[in-house]
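One structure below.
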C-alpha cells in the first residue's frame, strides 16, 4: 500500500485521468500533529488546508469573556479549513487545534490553485464546500430550535466517534451548554435506556 493511498480514497482515480491524479497527489504533503498542537492559530492567515487521515480536531473561537467555544469538530476524511481566511487571505477568527494525535494531508494555497483547472478537483471541492455549509446551517438552526438533549443525540448519531474521543467540556461548548448540564443530559439518556 502506497503512502498516498489515503488520498486516492478522497480523489477517486476513476474521476481523474492518470496525469490529473498524479498532479493532485503531488500537491499534498503528509503532516502529523500532536495532541493540543495548533493547525491554525487565531489571528493568523490560513495558507493550508488539510484532509484528516486519522485523529480528531476542533475549531474554536474565544468569546468576549475569554471562554473558548467549540465551533466544529473534524475527524477522518474531513477537510480542515478556515474557508474565509484561506480564500480571502483574512486573519482567522478561530483557532484550529488537534484534540488527539493526528495525521493529515496538507496543501498550500498556491499548490491548491494549480489544481483548480481540473474539473474533477473543482467538483470535489464544490461538493465538500456545499456539505460544509449545510452542516454549519443545520447546527446553527439546531442551536435555536432544538433542546440541548436533542442536539446531543444528533451529534451522537452523526459523529459517534467525536463523542467517544473528545473531552466533554468541548462537546458542551459546541452544544451551547455547561459541562454540568451535559453530564445531566448524558445521565438522563443512560437512565432511560
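The values are calculated or read from the model by the stated rules, or taken from the named source; none is laboratory data. Keep in mind the model is a prediction, meaning the values are calculated, not measured. Quick reminder, even Gly has a Cβ in these numbers, built from the backbone with ideal geometry, and neighbours come from all protein chains shown.
A few comments on the model shown:
- Close Cβ contacts (under 6 Å, 6 or more residues apart or on different chains) running from residues in region 16-44 that are in the same structural domain as residue 101 (by TED's automatic domain parsing) and touching a residue at least 40 places away in the same chain (Cβ under 8 Å) to residues that are assigned to a strand (DSSP E or B) and surrounded by fewer than 17 Cβ atoms within 10 Å (Cβ to Cβ) comprise 32/103; 43/91.
- Among (1) outside the structural domain of residue 89 (by TED's automatic domain parsing); (2) assigned to a helix (DSSP H, G or I); (3) modelled with pLDDT under 90 - the single one residue 193 does not satisfy: (2)
- Condition check for residue 51 on (1) more than 22 Å from residue 7 (Cβ to Cβ); (2) in a strand (DSSP E or B): one failure, at (1).
- Qualifying residue in region 77-91 (condition: exposed (fewer than 14 other Cβ atoms within 10 Å of the Cβ), in the same structural domain as residue 48 (by TED's automatic domain parsing), outside any helix (DSSP H, G or I) and within 14 Å of the chain's Cα centre (by Cα)): yes
- Residue in region 121-141 that is outside any loop (DSSP other than H, G, I, E, B) and closer than 20 Å to residue 184 by Cα present: no
- Summed over region 124-148, the residues that are surrounded by 15 or more Cβ atoms within 10 Å (Cβ to Cβ), touching a helix residue (DSSP H, G or I) at 6+ places or on another chain (Cβ under 9 Å) and within 23 Å of residue 12 (Cα to Cα) give a count of 3.
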